[in-house]
Amino acid sequence: MTATEGISEQGECDLRLTSASQYELVRKGGHYETMYNLFHELGIQSNILVSATYSHRTSLLTEPTLFKALHIVINHHPALGIIGVSKSSQKKKGNHRLWEARLNTINLKDCVEFVQYDGKDQGLQEVIEKAHNEWFTTEEKTRPWWKIVVVNGAHVLFVYHHMIGDGRSGYAFHRSLLAALNEIEALKTNDGISTDSGAFMVNVPATLPPAHSIAVVEAQLSMLHVIYNFLWWTLIRLIFSNERFLFSDASFSNTYPTPTNPFPKDEHTVTRIESMQVDCTTKEKCVDACRIHNTTLTALLQTLIQVTLAADIYPKAILGFSSVAVDFRRYLKTKPGIDVMMNAAAVFSSPQRLGRYREAGRDLKISARNGAVPGVHLDIPLLWQLASQNKAKLDNDLNKSNTALQDYLTVPLLGIDDEEFASQLFPNIGRVSNNAFLVSNIGAFQGTTKDLSAGWTIGHVEFSAAATKASCGTAGIVFNVASVEKGDLVVNASYEEGVLKPETVRKVMKGVKERLTLLLE
C-alpha cells in the first residue's frame, strides 16, 4: 500500500500507516499551516518560543519530574503530536500539498534538554537567540516539531514550529505543564510512562487538533476589499521613495525561495535579539494610565515605538507602517478558549503619517529628568492622544469595519499547494511588510500565583518569535511582548542579522524605555 492510498477526492484520510511506521496522516494542512511550514522548509523562519520560570519551595525541575508532567501535557494537547508531511497534489500534477500527520509515540529524550547558563546581565537573551538559530530537522519524521530547553532547573523554554501553534499556544502549553507538575506532586503518579533502554516513550492520543481557524471564521471575504487593498499598497510604493519610509536603511537582497529552490542552510535566517524588561510597578502604573487615557498597553507600545523611530532614527520618513498581531479566536464559530493550541493569530498592518509622531518625540519644552538621557523628549498630552487614536482605530478595524478580519481571510486566495502559495506570497508580501514593525503582545499569563506554598508556580514569562527573512517577511523589528500577572513585562525585539545595524535596534529600545519613564513620572 502506498502512502497516498485511502485518500478520497474530498481530501479525507482513512489510512493508518503500517504499525512499523512512526506516524499516520490525519488531515490536509490549512492555509496558515502551509505558510508556516513553507517558512521553515525554505529557510525563512525557524520557530517561536514562550519561556516560563518555575519555582517551588524545595525543588528544582528534574528530568524524571518533567517527563512525568509532559506525559499529561501531551495527552491534553493533540497539536504536540503533529508534524507536517508533503504529498503529491491532487489539484495539479507536479505540485505538492502539506498534510498533517500524527506521531504514534514521542521519545522525550529527543526533545528535552537541560542546560546551565550564567548570564545574569543579559537574562535569557543569549539562550533565546541560540534556540531561534537551531532549526528543526523536519525531514526526519520520528521527532516532534517542538522541544523543551530547561535552563538552571527553573527556566523552561518551549520552542516550537509555528505550524503547531501561535504565540498564545505557548501560554496554553505552560498552563498545562504547571497544572501537570502540581498534579503529579499531589498524586505522586507516573502512570502512562514506560522506559525502553533509558528512553521515555509517550503514546500520542488519537485525537485531532481543533479545526483550522480560517475554515471556521464567521465571515465572508469581500473582493472589493481585496482590490482596494492591492491598489492602495501598490500606489503608496509608486508615489513614495524608500527613504520616505521607516527602515529605509535595511540591507537585504530581494531573493525569493521556491519549494524546489529553498535558501541553502548557510543562508537561513539568523535571528538577533534585544531585550527590555519593565518592572512590575512600572507596568502596573502603565496599565492604570492606559485605562485613564482610553488606550491599551499594546497601543501605547505601538505609539512609543513609532515616536522613537520617527524622532530619533528616521527624520526624513513621511509614512510609517505599524503592524499588530491579532488573535482571531473570537471570530470562530466554535470558541476554542485560551487553553487550546492552534494557529488563530495574524498580522494586521496600517499606515500612519509620521509628522505628529515626530512632533511628540521632539517637544523641547519637556526636558529629560530623573536620569533619563538628555535629548530624549516627549510631548506627553500628544502621545496619549496618539495612543488613544491607535486603540480606537484598531477597535474599529476589528469590530466595525472588519478590515482586520478581511485581511485575515485573503490568505486562501494564495492557493493551497506549496508551489502556488509560495509563488503568490513571497514576491508580494514585501509590499506591506518590508518597512513595517510589528508589536505582538500575547498578554499577561494567567493561572499562577506567587504563593510558593501552592506547589509549583510561574513568576516570569517571555515570548519571542524568530526573525523572518527580510525579502519574504519584514525588514523591520518584531517586538514580542509578554508578562505575568503581578510580575514584570518583557519585550524581546527580534530582527534578522545583517539587515539592521545592532546599534539601531538598541537605540530604538533605549528610546522607548526612556520615553516610557518620562511618560509615567
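What follows draws every value from the coordinates through simple rules; no lab data is involved. It should be emphasised that the depicted structure is a prediction, and the values quoted were computed from it without experimental measurement. Methodologically, a virtual Cβ is constructed for each residue, glycine included, from the backbone with ideal geometry; neighbour enumeration extends over all protein chains shown.
Using the Karplus relation 6.51 cos²θ - 1.76 cosθ + 1.60 with θ = phi - 60°, the per-residue 3J(HN,Hα) values for region 341-347 come to 8, 6, 9, 9, 10, 8, 9 Hz, with x marking Gly and Pro. Listed values for region 437-445 are Karplus-derived 3J(HN,Hα) couplings in whole Hz (6.51 cos²θ - 1.76 cosθ + 1.60, θ = phi - 60°), namely 10, 10, 10, 10, 9, 8, x, 8, 5, and x replaces Gly and Pro.
Bridges between two residues of the chain, per DSSP, are antiparallel at a rate of about 80%. Placing a label point 7 Å from the Cα of Gln277 along the Cα-to-Cβ line, the residues of region 480-521 whose backbone N sits under 12 Å from it are 488-491. For Tyr117, nonlocal amide neighbours, meaning residues 5 or more places apart or on other chains whose placed amide H falls under 5 Å from its own, are Asn152. Residues of region 425-441 falling in the label zone of Phe252, defined by backbone nitrogen less than 13 Å from a point 7 Å along Cα to beta-carbon, are 426-438.
Under the simplified labelling scheme, the Arg57-Leu413 pair shows an inter-label distance of 5.9 nm, with each label point 7 Å from Cα along Cα→Cβ. Once the Cβ-Cβ distance of Asp395 and Leu238 is raised to the sixth power relative to R0 = 51 Å, the FRET efficiency obtained is 0.95.
Quick check: from the Cα gyration tensor, does region 243-372 come out rounded (a/c under 1.5), prolate or oblate? Note, shape of region 243-372 comes out oblate. Quick check: from the Cα gyration tensor, does region 177-324 come out rounded (a/c under 1.5), prolate or oblate? Judged from the Cα gyration tensor, region 177-324 comes out prolate (a/c at least 1.5, a/b above b/c). Dividing the C-alpha radius of gyration of the chain by 2.2 N^0.38 Å, with N its residue count, gives 0.98. Other residues lying with their Cβ under 11 Å from the Cβ of Asp327 contribute a combined charge of +2, Lys and Arg counting +1, Asp and Glu -1. Taking 30 Å as the limit for the C-alpha separation, the pairs Lys93/Lys130; Lys265/Lys510; Lys391/Lys513; Lys109/Lys283; Lys391/Lys507 exceed it in the case of Lys93/Lys130; Lys265/Lys510; Lys109/Lys283.
Dipole orientation for the chain: of the candidates Leu80, Leu42, Ile442, Ile442 has the Cα lying most toward the positive pole (charges on Cβ; Lys, Arg +1; Asp, Glu -1). For the chain, the residue among Ala52, Asn152, Asn182 whose Cα projects farthest onto the positive side of the dipole built from Cβ charges is Ala52. Take the Cα radius of gyration of region 83-134 and divide it by 2.2 N^0.38 Å, N being the number of residues; the result is 1.92. Restricting the calculation to Cα atoms, region 33-190 shows an Rg/Rh of 1.01 when the hydrodynamic-style radius is the Kirkwood one. Once the C-beta distance of Ser89 and Glu284 is scaled by a Förster radius of 56 Å, the resulting FRET efficiency is 0.60 to the nearest 0.05. When each of the peptides 250-261, 76-87 is scored by how many other beta carbons lie within 10 Å of its residues on average, the order from highest to lowest is 76-87, 250-261.
Shape class for region 375-450: prolate, because the ratio a/c of the largest to smallest gyration tensor axis (alpha-carbon atoms, square roots of eigenvalues) is 1.5 or more and a/b beats b/c.
Spin-label pair Gln116-Ile318: with each label point 7 Å from Cα along the Cα-Cβ axis, the two points sit 5.9 nm from one another. Between Lys333 and Glu420, the C-beta separation translates, for a Förster distance of 35 Å, into a calculated FRET efficiency of about 0.80.
Here region 235-331 is treated with +1 on each Lys and Arg Cβ and -1 on each Asp and Glu Cβ, and its dipole about the Cα centre works out to around 340 debye. For Met342, the residues whose modelled amide H falls within less than 5 Å of its own, excluding neighbours fewer than 5 places apart on the same chain, are Asp166, Ser169. Put simply, when 474-482, 378-386, 131-139 are sorted by average Cβ atoms within 10 angstrom per residue, most first, you get 474-482, 378-386, 131-139. Under 5 Å between amide hydrogens, built in the peptide plane, is the criterion, and for Gly459 it picks out Thr53, Ser55 among residues at least 5 positions away or on other chains. Counting only Cβ charges, +1 for Lys and Arg and -1 for Asp and Glu, the dipole size of the chain around its Cα centre is about 1260 debye. With θ taken as phi - 60° and the Karplus curve 6.51 cos²θ - 1.76 cosθ + 1.60 applied, the whole-hertz 3J(HN,Hα) list for region 95-104 is 8, 9, 10, 6, 10, 8, 10, 10, 5, 6 Hz, x standing for glycine and proline. With contributions of -39500 (n - 2.57) from each DSSP H run of at least four residues, the per-residue ellipticity at 222 nm computed over the chain stands at -10000 deg cm²/dmol.
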